[in-house]
Amino acid sequence: MADPASYRPRTGEVPTSPGVYRFRDPDGRVIYVGKAKNLRSRLASYFQDPNGLHPKTRAMVFTAASVEWTVVGSELEALQLEYTWIKQYTPRFNIMYRDDKSYPYLAVTMNEKYPRVQVMRGDKRKGVKYFGPFHPAKAIRETVDLMLRVFPVRTCSSGVFRRAELSGRPCLMGYIDKCAAPCVDRISQAGHRQLAQDFCDFMAGDAQKYIRRLEAQMKEAVADLRYEDAARRRDDIAALKRVFERNAVVLSETTEADIFAFADDELEAAVQVFHVRDGRIRGQRGWVVEKVEDVSGATMVEQLLEQVYGSLEDTSRIPREVLVPELPENADQVAALLSGMRGAQVSLRVPQRGDKRSLMETVKENAVLALRVHKTRRSGDLTTRSAALRELQDALELPEPLLRIECYDISHVSGTNVVGSMVVVEDGMPKKADYRKFSVTGDAARDDTAAMRNVLTRRFRHYLEDQERSGTFATGEIAPEPDPAGPADLDGQTGPGGALEGPARTPSDGPSSRRFAYPPSLVVVDGGPPQVASAVQALADLGITDLPVVGLAKRLEELWLPGEEFPLVLPRASQGLYMLQRIRDESHRFAITFHREKRGKSMVSSALDGIEGLGPAKQKTLLKHFGSVKRIRAASVDQLQEARGIGPALAATVHAALHPESTETGTESAGPAGPAEAVRDAEGTETGSVDRVTRGVNLTTGEILD
């Protein structure tokens, strides 16, 4: 990788005019194209301290070997040139909304002697009526299939039509009554053209006229006892209603708009668009793209509109209105660019209320679902998982398959409430029953490396204890009967609750509960060389030297191996890298969840907390009986026993804990309540429902402040 300082242009060389710039790699390939109002200011931002850059921007500037720029006359010209170059070079660090096909439309060739219904793409043709766009094209074919029951317009190609004319026999569609067969004169030229016109009128929204006509014909057939004809009319009505429902009006009939929405995470983004024509949703389209650069929502909207509409062969199909979740920074220039492409005014805006806002939320829901389905398919597909595991095994040069991977992460806020997490993946799938969380205190909480060493020491100490106890995996012998007391869990910590909560082990679980006698095939830590070195040292202190350890650094998504000077970089499209990222993100989420839970508890305390033998249930009993902590403090030992479930020993313990001064002086005086207690008593005396007081926490020292 090239050092950005080696090709950084001199500040005075870069103009302050608007323009477009290109980064090239050592082979001369364009890897990024961007535009700027002020080229000097924009390019300078790429050559600041690399540690201050976003990881993906940092990767781009280190991959590049040169930068060049072109000055233009205005921001609009910069926008146009940027899109031209993106389309020409397809740079790897630009987000690309690739699509190999144009929009499909339902077309009726009214410019032919015998009009034909077909799916068409590309430029509009004179004399052809278009409806759509529809997406996918299957939706058009299903619509046409239903419509041909009532409007049997020709759908065959010119060659098939000529052969039928010469042979005097219609094609299959004519035999099954889905074509009026003008090729064999079953219908006149004028009659077939009127049939095609009726087809167009129905698709344009004038549906009720034809449905009423069929209903009248059905009633007439019933009155004449022609029940088979009536049944056919009934089925025709049902077919038209299905088509009409598919194209139900969602906005005013004059609305012509494309509605875009996003759903994204750190790695990928899903885009959905609804095409509304004549107030009806005519089609839907979506993309899932990799975020190879750090971009805001506004920039994503700009790039999306440039590429989607710039790739249209017939730009007259750009709608009058484009609705987006967020306006680009240069919204006026983007709107002007689209207007120039369309040859008429294009409105670019964010819907704020009403039906358009509701429809935007629907598009957003579709984008969220599309991203979720995409990630589920990537992680759930057996072939993909197997390929990812094999790729990781080969990249790390490991002799054994990666049957079990454990990933560890540390979470805290300025050194307070330090916690660790362990997530487990077996055969490429999460094993949530084996997730574990750790509280880290004392000297182990002084920094991330010490905390990581503490967590791994505790986890693998249990591994050694379980292995020694059972001997199952170490020697292959049959494990002895489980200890009646049951093996201790990892410091009493299990999953954080909900679906991810891991069950605590009980004596009845038997040998199968000793999950930690089974060592992982790979230990992954969230971090770089310091975290990896700390993990290796923790294992070495326990005498474990045969477990592979790797660190996944979030800056450039690079892998750090113990003792290596340089990281291992997997390809961006690597399934193995994607699996490690998913495991790392899950461990981070798991640690954050526990950290927030612990931090929330540390912010709330009560004078009754920490009293031996007095749990939450008995605290509630005391508060319900006395009404407030002030009255509990004022009660004698005998009065405390009046509360349900409070015996002599517990009453004495509670009294002693609430009157520490009486233990030293031998007096029974309760003494005055502290300031914080007085505030709580003032709030809780009447209702008896307040049993905790919120205190501040010094985030640097962890000290609780009254």
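Below, the figures for the structure above:
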| quantity | calculated |
| --- | --- |
| Search result, residues across segment 535-547 that are within 24 Å of G576 (Cβ to Cβ) and either assigned to a helix (DSSP H, G or I) or modelled with pLDDT of 90 or more (or both) | A535, V536, L539 |
| Exclusive hit being touching a residue at least 40 places away in the same chain (Cβ under 8 Å), assigned to a loop (DSSP other than H, G, I, E, B), surrounded by fewer than 16 Cβ atoms within 10 Å (Cβ to Cβ) and at negative phi, set L312, L398 | L398 |
| Condition met for Y175 (at pLDDT below 85 and aromatic (F, W, Y)) | no |
| Complete set of residues in segment 627-649 that are over 18 Å from G615 (Cα atoms) and modelled with pLDDT under 85 | K630 |
| Pairs with Cβ under 7 Å, 6+ apart, first in segment 183-208 and on the phi > 0 side of the Ramachandran plot, second at pLDDT below 90 | G205/E253; G205/D278 |
| Test set (1) out of contact with any helix residue (DSSP H, G or I) (no Cβ under 8 Å at 6 or more places or on another chain); (2) open to solvent by 30 Å² or more (accessible area, probe 1.4 Å) - R404 fails condition number | (2) |
| Enumerated strands (runs of 3 or more DSSP E) restricted to segment 1-83, each holding at least 2 residues that are of a type outside the set (D, E, K, R) and open to solvent by less than 30 Å² (accessible area, probe 1.4 Å) | 19-24, 30-36 |
| Pairs, first at pLDDT 85 or above in segment 213-241, second part of a helix (DSSP H, G or I) and of a type in the set (S, T, N, Q), C-beta under 9 Å, six or more apart | A230/Q217 |
| E391 vs. criteria under 28 Å from the mean Cα position of the chain (by Cα), in contact (Cβ under 8 Å) with a residue 24 or more places away in the chain and assigned to a helix (DSSP H, G or I) | yes |
| Residue check for E290: touching a helix residue (DSSP H, G or I) at 6+ places or on another chain (Cβ under 6 Å), open to solvent by 20 Å² or more (accessible area, probe 1.4 Å) and either at pLDDT 70 or above or of a type in the set (D, E, K, R) (or both) | no |
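Yes/no matrix, rows are residues, columns are (1) farther than 14 Å from P91 by Cβ; (2) within 31 Å of the chain's Cα centre (by Cα):
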| site | (1), (2) |
| --- | --- |
| D3 | yes, no |
| Y7 | yes, no |
| G12 | yes, no |
| P15 | yes, no |
| P18 | yes, no |
| F23 | no, yes |
| P26 | yes, no |
| L39 | yes, no |
| R42 | yes, yes |
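The values are calculated or read from the model by the stated rules, or taken from the named source; none is laboratory data. Small disclaimer: the values here were computed from a predicted structure and weren't measured. FYI the Cβ positions are ideal-geometry reconstructions off the backbone, even for glycines, and counts take in every protein chain you see. In case anyone asks, the SASA skips ligands and DNA or RNA and just uses the protein heavy atoms, side chains included. Shrake-Rupley method; radii C 1.70, N 1.55, O 1.52, S 1.80 Å.
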